[in-house]
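Written out below as structure tokens is the structure these notes cover.
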Amino acid sequence: MEITVSNIEHVNGTLVLPINKGDEHIADDRLGGVARSLRNQIELIVSSGDATGKKGEVITLHAADGKAAIIGMGKESERNEKTCRDAGAKFVGQYKKRHGVVFTIRFCGWSEAEMAAFAEGMILRDYKYDKYKSKDEDEEDVSLKAILQCEESSVKALGKLVSTAAAVATGVHLARDLGNCPPNDLFPMAYAHNAVEWAKDKENVQVNIISFDEAKELGMGGLVGVGMGSDRKPCMVIFELNRTVAGPAPVIVGKGITFDTGGISIKPSPSMDEMKYDMHGSATVFGLIQALHATNHQGRVTIIACMAENMPDAGAQRPGDVITTYSGKTVEVLNTDAEGRLVLADGLWKAADYDPSYIIDLATLTGACVVALGHEASGLWSNNDDLLNNIKEAGEVVDEIAWPMPLFPAFEKEMKDSKIADLRNLGAGRWGGSNTAAAFLKQFVPSKGEGEDKEQIPWAHMDIAGTAWGAKSNACVAHGATGIHVRTLHRLITKQ
């Protein structure tokens, strides 16, 4: 989608007018340049109450000299950035060819942030994944164009906000592409190849690949153990943005299980096709670095993607195995379907090599998180209250909710209760499974300092199992992968 910003002047294509519930007329300046017959229709349908302004209502008008779409926004007192973003997304979601491909959207009394949110919703929703669908010879991809028109005093600021939103959305759409890609085409080394190709023409980005053999030599028993049963071997992909910038900087780690059968502890077959989404943590971090690069972020950021395919095989990891992770800590593998925490254990420990100011990991980690929070929020655990609150606030601004969850000492004690190893990869029972998984990951967060000054680096874990796909209440997504938390983390990193 191409979006431009201008002051209120002539109308190109279909005129789009957001109205409030109860509006009885349209201000004259919003109808400037509109042909008389269309203007009369608009005024009549609004003054008669046929256009109610009810949230989600879209009424299309056709006249001999133009077209218009009237969008209901609900009560003016309830309008905010979220409702504006959702309205923009829903309008694009309801788009029909009869609307044309060019829109002129006129606002009245909206803040610059609200107008930008409407545009952002349009951009985010203007996405489809049809790479594998056959197309008719005469079928053309429709490229929508929108002109946002507002008071002249807001044009410059709104243009800047929309430009940033569009740049960040390239990262969201990349994350969705990766999440939606079928697992026969997106396996660990295919992800690595994509990363190398993406970075090829970017002077301030470096990508390093730790291959399967290198991971074995380094002692990355978590990554190796999960991926060794597949013909498509695991790897670790490390992106560095602005690596020469001195000082501590964020390190973001993503779980990348490109397909999860459960391994020897195999999953039931219903909905197993959705396990291609089990790499969405790595999709998000790839999308994040794309968004940071597209917005010309000048700070240093390191991204670590822990890539593996979890398959049953004669050479696969077994329940009962004991592995030695990159940290040197041993883990008793009680269930091979609790695999994401094992690859993350090595990724978290590797993060220490990049002088992190803080570490955040993202993972489609537990079904228990979906039970707790549904598809409305990601779970959020942290060893640092400031980091937790900053993530939560960033998520609230962009409407990607991250909900704080507990890291009680009892959960850590439970994960240390193995008779033969330092840790177990599964809790003792079915209760609090997302909490015990977070407690397990905490054991692999590196520390800084020596002696009495030694303390863990600030760290947060985000369980996106319920928000990475299937989030039907997310107006900005039609179906499939959501690209969740690209925008949250972009805001966190760039606004501090």
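Quick note: the coordinates plus some simple rules give every number you see, no bench work behind them. Keep in mind that what you see is a predicted model, and the values were worked out from it rather than measured. Please note: Cβ atoms are built from the backbone with ideal geometry, for glycine as well, and neighbour counts cover all protein chains shown.
Considering only Leu344, Val301, Ala68, the residue lying farthest towards the positive end of the dipole of the chain is Ala68, judged by Cα position with unit charges set on Cβ. Principal-axis analysis of the Cα atoms of the chain puts helix 112-125 at an angle of about 70° to the longest axis.
Annotation for the range 107-214: chymotrypsin sites (Phe, Trp or Tyr not before Pro) lying in DSSP loop with at most 13 further Cβ atoms inside 10 Å of their Cβ are Tyr132. Contact order for the range 168-495, expressed relative to its length and based on alpha carbon pairs under 8 Å spaced 6+ residues apart, stands at 22 percent.
Compactness of the range 209-316, taken as the C-alpha radius of gyration over 2.2 N^0.38 Å, stands at 1.22. Charging the Cβ of each Asp and Glu at -1 and of each Lys and Arg at +1, and nothing else, the dipole of the chain about its Cα centre rounds to 480 debye. Residue ranges 304-311, 74-81, 393-400, 289-296 sort as 304-311, 289-296, 393-400, 74-81 when ordered by packing (mean number of other C-beta atoms within 10 Å per residue, highest first). Based on the reciprocal of the average 1/r between different C-alpha atoms, the Kirkwood radius for the range 331-372 equals 12.1 Å. Antiparallel beta bridges, as assigned by DSSP with both residues in the chain, represent about 40 percent of the total such bridges.
Dipole check for the range 2-150: with +1 at the C-beta of Lys and Arg, -1 at the C-beta of Asp and Glu, and the Cα centre as origin, the magnitude is about 340 Debye. Summing +1 for each Lys or Arg and -1 for each Asp or Glu among the other residues whose beta-carbon sits under 12 angstrom from that of Asp337 gives -1. For the range 240-386, the mean projected area of the C-alpha convex hull, equal to one quarter of the hull surface, is 10.6 nm².
As a calculated quantity, the FRET efficiency between Ser134 and Lys472 at R0 = 22 Å, using C-beta atoms, amounts to about 0.20. Shown here for the range 182-222: GluC sites (Glu not before Pro) in loop regions (DSSP other than H, G, I, E, B) with at most 14 other Cβ atoms within 10 Å, namely Glu203.
Could you work out how far helix 486-495 tilts from the main Cα principal axis of the chain, as a 0 to 90 degree angle to the nearest 10? The angle comes out at about 90 degrees. Remark: C-alpha extents of the range 363-496 on the principal axes read 47, 36, 18 Å, sorted largest to smallest. Stokes-Einstein diffusion for the range 423-496, with the hydrodynamic radius set to the Kirkwood value over Cα pairs and evaluated at 10 °C in a medium of 1.306 mPa s, equals 102 µm²/s. Largest first, the three principal axis extents of the alpha carbons in the chain are 82, 54, 46 Å in whole numbers.
For the range 305-345, the percent of C-alpha pairs falling in each 5 Å distance bin, counted from 0 to the bin holding the largest distance, reads 5, 21, 31, 29, 11, 1.
Working from label points 7 Å from Cα in the Cα-to-Cβ sense, the Phe408 to Asp29 distance is 5.8 nm. Among Val101, Ser282, Ile210, whose Cα sits farthest toward the positive end of the charge dipole of the chain (+1 at Cβ of Lys/Arg, -1 at Cβ of Asp/Glu, about the Cα centre)? The Cα lying farthest towards the positive end belongs to Val101.
Helical content of the chain, expressed as a calculated mean residue ellipticity at 222 nm, amounts to -10500 deg cm²/dmol (DSSP H runs of 4 or more residues, -39,500 (n - 2.57) each, divided by residue number, nearest 500).
Out of every Cα-Cα pair that the range 46-126 contains, those further apart than 22 angstrom amount to 23 percent.
Please work out the FRET efficiency for the pair His479 and Ser37, using the Cβ-Cβ distance as r and a Förster radius of 51 Å; give the result to the nearest 0.05. So the FRET efficiency works out to roughly 0.85. Taking a Cβ cut-off of under 10 Å around Ala89, the surrounding Lys, Arg, Asp and Glu residues balance to a net charge of 0, with basic ones at +1 and acidic ones at -1. The Cα trace of the range 123-234 gives Rg and Dmax of 20.4, 62 Å, the first to one decimal, the second as a whole number. Distance distribution note for the range 327-426: the fraction of Cα pairs above 19 angstrom is 54%.
Over all Cα atoms in the range 1-108, the spread is summed up by Rg and Dmax: 13.0, 36 Å. The long axis of helix 155-180 is offset from the longest Cα principal axis of the chain by roughly 50 degrees. Placing +1 on the Cβ of every Lys and Arg and -1 on the Cβ of every Asp and Glu, with no other charges, gives the range 352-467 a dipole of roughly 660 debye about its Cα centre.
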